[in-house]
Amino acid sequence: AKAGKRAARAKVVRAAVKEFTKMPPTVKPGVVTGQGLVDLLNYAKEKGFAIPGVNIVGTSSINACMEAAKKAGGPIMVTFSRGGGQFIAGKAADNTDDAACIAGSVAGALHCRAVAKLYGVPVILHTDHCQKAWLPWFDGMLKANEEYFEANGEPLFSSHMLDLSEEPLEENIAICKKYLERMAKVNLLLEMELGVTGGEEDGVDNSNVDSSRLYTQPEEVWEVYQALSSVPNGNFTVAAAFGNVHGVYAPGNVSLKPEILHNTQKFIKEKLGCATDKPVFFVFHGGSGSSTEDIQYAIKAGVIKMNIDTDTQWAFWDGMNKYQKKNVDYLQAQIGNPQGPEKPNKKYYDPRMALRSGEEEMAARLVKAMQDLNCIDRL
């Protein structure tokens with residue numbers, strides 16, 4: 001009887017899953033890992049689109065990401081920062097040795113795995129900048145991945161980022177290679193950073209960095225490519241700096257130079273003597289506020305993912321703010337509104353109402369981002 005119930009539940013789950021007609025056959029609805037992830041990134045590079053990598057802070061923003069992907073008909077990357085993970089666990093939770101940062105990130109990933117298939121889109125589970133001082137967070141997540149892999153045959157997350165750009169190049173590469181050797185055993189992809197993304201975001205402050213460090217050289221990317229390509233089953237992306245800055249600034253304050261990525265691809269192609277014009281998977285940090293022209297030109301250079309945080313944060317807040325302004329007369333007390341002094345206001349101050357308005361605005365902003373990234377109708 002128990003076996004019958006399990007089969008019935010499995011049948012219900014399978015009924016909610018649909019097959020994609022445009023995607024590689026390894027890419028299924030739900031969380032994408034391993035070969036499916038590599039095939040998805042190759043498909044993006046081949047077809048000339050990039051996937052939005054969206055920073056989240058809770059289930060509402062996670063769900064808004066998947067809602068946008070469902071509306072746009074494209075894949076999405078849900079990205080956990082160290083601070084975002086801690087927020088999911090709760091700011092009062094014990095964070096000794098990054099325990100809350102780890103637990104919250106894992107909890108968010110498990111939520112995503114529980115519901116992602118219901119949206120019928122491919123979801124990449126990723127974590128953002130991890131500098132050297134934050135490696136305990138990274139180690140904790142790798143342990144969770146290894147345990148999940150042992151039980152399920154795939155990692156919990158799809159990929160993780162190491163940002164050791166503040167360290168000497170040789171040390172950056174050596175640490176990344178060491179971690180990729182471990183990650184490759186459980187089919188995790190590594191994102192690494194070269195150069196520095198300017199501005200400030202979630203505890204990473206490069207506001208006063210020397211401007212020369214905002215631009216990566218082709219020779220540096222080649223060193224990374226050689227080292228990480230030597231790792232058996234190792235898959236990686238490179239966040240090469242080309243003037244990127246976190247946040248949104250007035251025109252003229254940010255000078256993006258995506259031609260750096262084009263020159264780097266050409267340089268490495270010549271070194272490899274390969275047929276492909278874009279041997280490197282590039283990612284684009286600091287995407288909020290960027291012009292459509294710069295975004296499109298970067299995609300042509302092999303950018304397969306663009307981070308977005310500042311714009312989606314604003315959209316979520318703007319949605320809640322609009323809700324408050326629209327219903328302000330019903331949000332001043334539990335009882336009493338324009339309909340009468342004894343009329344209850346519970347349905348207006350229910351937290352889900354304002355949160356839902358935030359989700360809707362965030363999803364709408366993400367659909368716009370997916371249009372800019374050519375990530376529409378790709379399934």
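The values are calculated or read from the model by the stated rules, or taken from the named source; none is laboratory data. None of these values were measured; they are calculated from a predicted model. Note that each Cβ is placed from the backbone with ideal geometry, even for glycine, and that neighbours are counted across all protein chains shown. For accessibility, only protein heavy atoms count, side chains too; no ligands or nucleic acids. Shrake-Rupley method; radii C 1.70, N 1.55, O 1.52, S 1.80 Å.
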(message) Take LEU355 and tell me if it is of a type in the set (A, V, I, L, M), over 14 Å from ALA69 (Cα atoms) and in a helix (DSSP H, G or I).
(response) yes
(message) Please verify whether LYS70 is surrounded by fewer than 24 Cβ atoms within 10 Å (Cβ to Cβ) and either free of Cβ contacts under 8 Å to residues at least 12 places away in the same chain or of a type in the set (Phe, Trp, Tyr) (or both), treating the condition exactly as stated.
(response) no
(message) If I ask for residues that are in contact (Cβ under 8 Å) with a residue 24 or more places away in the chain and β-branched (Val, Ile, Thr), which ones from segment 96-138 would you list?
(response) ILE102, VAL106, VAL115, VAL121, VAL123, ILE124, THR127
(message) Residue pairs, Cβ under 9 Å, 6 or more apart or interchain, first in segment 9-34 and in a loop (DSSP other than H, G, I, E, B) and β-branched (Val, Ile, Thr), second at pLDDT 95 or above and open to solvent by 70 Å² or more (accessible area, probe 1.4 Å). List them.
(response) VAL17/LYS28; VAL17/LYS117; THR26/GLN35
(message) With surrounded by 20 or more Cβ atoms within 10 Å (Cβ to Cβ), at pLDDT 95 or above, within 19 Å of the chain's Cα centre (by Cα) and under 19 Å from ALA89 (Cβ atoms) as the only criterion, which of VAL121, VAL106 stands out?
(response) VAL106
(request) Out of the residues in segment 263-308 that are aromatic (Phe, Trp, Tyr) and within 19 Å of the chain's Cα centre (by Cα), state the one that is most open to solvent (accessible area, probe 1.4 Å). (result) PHE281
(request) Give just the number: which of (1) open to solvent by 60 Å² or more (accessible area, probe 1.4 Å); (2) at pLDDT below 90 does ARG182 not satisfy? (result) (2)
(request) Evaluate segment 45-57: report whether one residue or more is under 17 Å from the mean Cα position of the chain (by Cα), under 18 Å from PHE138 (Cβ atoms) and either at pLDDT below 95 or polar (S, T, N, Q) (or both). (result) yes
(request) Residues that are not hydrophobic (A, V, I, L, M, F, W, C): find the strands (runs of 3 or more DSSP E) completely inside segment 105-203 holding 3 or more of those. (result) 122-127, 199-201
(message) Filter segment 143-157 down to the residues that are within 19 Å of ALA103 (Cβ to Cβ) and either of a type in the set (Phe, Trp, Tyr) or touching a residue at least 60 places away in the same chain (Cβ under 8 Å) (or both) and list them by number.
(response) TYR148, PHE149, PRO155, PHE157
(request) Among the candidates TYR148, TYR179, single out the residue that is touching a Leu at 6+ places or on another chain (Cβ under 9 Å) and more than 19 Å from PHE236 (Cα to Cα). (result) TYR148
(message) Can you report the number of residues in segment 309-352 which are open to solvent by 70 Å² or more (accessible area, probe 1.4 Å) and outside any helix (DSSP H, G or I)?
(response) 9
(message) Cβ contacts < 8 Å: first residue farther than 16 Å from LEU125 by Cα, restricted to segment 80-95; second residue modelled with pLDDT of 95 or more and part of a loop (DSSP other than H, G, I, E, B), any location; separation 6+ or different chain. Result?
(response) GLN86/ALA93; GLN86/ASN95; PHE87/VAL57; PHE87/GLY58; ALA89/ASN95
